[in-house]
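Report on one structure; see the data block that follows.
The values are calculated or read from the model by the stated rules, or taken from the named source; none is laboratory data. Small disclaimer: the values here were computed from a predicted structure and weren't measured. Ideal geometry is used to build each Cβ from the backbone, glycine not excepted, and the neighbour counts take in all protein chains shown. SASA here: full protein model, heavy atoms, side chains in, ligands and nucleic acids out. Shrake-Rupley method; radii C 1.70, N 1.55, O 1.52, S 1.80 Å.
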Amino acid sequence: KNYEQGSEEALTADAQAMEKLEMVAQLSSPIGTPSDLEAVLQSLHAARDKHIFRLLATIANPNHSSSARARAFEDLPKRAKSLGSNTAAWVKKLARRCAMGGFVNQDSVSTCILLAQECFHEGDIDCAMVFLRAVKTAIDAFPRLATSKESFGTLVELFGECQSSHVKNKRQIEEARTVSLLGTILALASRSLTLASSDPKGKSKDGSDDDSSFQDDVQDLLIRLCTRDGTAMQARNAVFTMAQLSKNSSTSSPASD
């Protein structure tokens, strides 16, 4: 609104605003298919009620009083209702993300995962579980936060170490239900994880076999849970994770475009 409609400045500002909205969407909970998300973002981007964004800004600013932020939370669904049910539902999730500000981000989740593994190696299972619960809480709302290659790879590595026949503190691990919690975390993260698609020779799109072997390792661990070591809930999460990884990988392949 600061520029003349149709001007180069207005078009540039509009494109930048949409780009920032898409960036925020990458850190929020997934919604349906990519086309569903695109429709939601376009609907929000074209919203005439700009007060929606002022409310989100109020929620995101920790300097506002708790009562002011609470009022913004109450008013936001009413404002977003006119944009359609899908957009209104996603705006509520976005508000939760804004409320967390810099507290929940990819760096903090990655650090918690690394600390959980370090505590596990030191034999402090209780402390490892504290960090893993924090990870689970974060990615329950924002699964993409645990989908970097380093974070997901560390989770898979820890998952395998817990199932190793040579692992120490096996009884404590079973009592703490560490494998179950890790299985749940992997299932949540897999909703937003895309591994490089592979050709029939097992090579990834970029010519390396790293992603292919990584996915094979993940599947071997999950199949083991389903067929030998896991409880019913662990097997359920394992099947869901394998299904999501397979679905995401096929969606990213050229043949599906």
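The HN-Hα couplings worked out from phi for segment 172-182 by the Karplus form 6.51 cos²θ - 1.76 cosθ + 1.60 (θ = phi - 60°) are 5, 5, 5, 5, 7, 6, 5, 5, 5, 5, 5 Hz, whole numbers, x standing for Gly and Pro.
Inter-label distance, residue 233 to residue 170: 2.2 nm, where each label sits 7 Å from its Cα along the C-beta direction. Carbon-plus-sulfur accessible fraction, segment 94-176 (probe radius 1.4 Å, protein heavy atoms only): 51%. With 22 Å as the limit on Cα-Cα distance, the pairs of 50/93; 20/136; 92/136 that go past it are 20/136. For the pair residue 15 and residue 38 in one chain, pulling the backbone fully straight at 0.36 nm per residue adds 6.9 nm over the alpha carbon distance.
A full extension of the chain between residue 108 and residue 121 corresponds to an added length of 2.7 nm, given 0.36 nm per residue minus the alpha carbon distance. Computed from the C-beta positions of residue 243 and residue 24, the FRET efficiency with R₀ = 45 Å rounds to 0.95. Phi angles across segment 142-158 convert, under the Karplus curve 6.51 cos²θ - 1.76 cosθ + 1.60 with θ = phi - 60°, into 3J(HN,Hα) values of 10, x, 5, 5, 10, 9, 5, 4, 5, 5, 5, x, 5, 4, 5, 4, 5 Hz, Gly and Pro given as x. Where in segment 94-169 are there chymotrypsin sites (Phe, Trp or Tyr not before Pro) that are in a DSSP coil and have at most 14 other Cβ atoms within 10 angstrom of their Cβ? Those satisfying the criteria are 103.
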